[in-house]
1. Using a 1.4 angstrom probe with every protein chain in place, what is the largest-first accessible-area order of TYR117, TYR139?
2. Can you pull the one-decimal nm distance between simple spin-label points at LEU104 and ALA149, each 7 Å off the Cα toward Cβ?
3. Could you order TYR221, TYR116 by accessible surface area, starting with the largest, using a probe radius of 1.4 Å?
4. Under a 1.4 Å probe, what is the accessible area of region 93-192 per residue, stated in Å²?
5. Quick one: if you stick a label point 7 Å off each Cα along the C-beta vector at HIS157 and ALA120, how many nm between them?
6. In nm, to one decimal, how far is the PHE266 label point from the VAL37 one, both placed 7 Å along Cα→Cβ?
7. Using R₀ = 41 Å, calculate the FRET efficiency as 1/(1 + (r/R₀)^6) where r is the Cβ-Cβ separation of ALA131 and HIS230; round to 0.05.
8. On the full set of protein chains, 1.4 Å probe, figure out the accessible area of ARG126 and give it in Å² to the nearest 10.
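The values are calculated or read from the model by the stated rules, or taken from the named source; none is laboratory data. Note that this is a predicted model, so its numbers are computed, not measured. Every residue, glycine among them, receives a Cβ derived from its backbone with ideal geometry; neighbour counts consider all protein chains shown. Protein only, heavy atoms only, side chains kept; ligands, DNA and RNA dropped before computing areas. Shrake-Rupley method; radii C 1.70, N 1.55, O 1.52, S 1.80 Å.
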Amino acid sequence: MKRPQPATARRSRFIRSGFAALLAGTGLPPALHAQAVTFSGAAALSSQLVDRGQAMTSRTPVLQGAADWTFPSGWSLGLSGSAELRSPGRLVAAIAQASRHWSLSGDWQMQANLLYYRYAGTARSRRFERAESGLSWSYRDVLTFGLSAIHVVGSRHRLRGAADISLHWPLTRQLSLSAGAGIAQSPIAPYNAYGYGYADACEYGPAGSCSRRRGTDRHRYGHLGLLWNHGPWRIELDRILADPQTRWQWDVMGASPWVATVTRSF
């Protein structure tokens, strides 16, 4: 009887096949494929998987892995996957990314991104499957501002937008302040006292007419924490901030107030 392959072998094959598909599908010039590339990767353990202030898993430890290939011309391709620690052989999230960066000056850089998010967890988290394109500007790797256009997979609605800003401010040689904030048009209905999916998006007039309430299709989020780096190791502890109406009833799938992540780069 043929022995089953371990989960690590399956994930390695997934990364190799995904990278080949990215090379074929990005439309990059053939000469780019022949150029020498730089490979980097990372493995991480996080207390929860959070996407723009909203939980994609329950409050359980999550294993994460990422691989990136960077070309001399400024192109880079990346794949990442996440699995709950209690079920390491089952991916709950995967991200494919193609990006191109430019140096605008000695202090400023610009980057264009194309990402695809795939979630295989709960029915709610699958509502966040999306293709996303965006532009971001960075100042000395300290301040980054980005704008994104989002297409939710399976949705017939127009493109949705998001704006994000993040700050990494050095406090000591190894310790930094980590902060971020953003606003996005949510792919799912907000939450109110009647439960998920029953949020009232109407403002009723005297005759009972309904007019759409402002702000019901968007949510604000952010984080504030500390980031410690030492060689290939990185530890981050963040306080997660998000609009209360975007959480599930009884906060069953709401993001934990605190999220910790330990990362090893290679």
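1. TYR139, TYR117
2. 1.9 nm
3. Putting TYR221, TYR116 in descending order of accessible area: TYR116, TYR221.
4. Value for region 93-192: 56 Å² per residue.
5. The answer from the label model is 2.7 nm.
6. 1.8 nm
7. For ALA131 and HIS230, the calculated efficiency is 0.70.
8. In the full protein context, ARG126 sits at about 110 Å².
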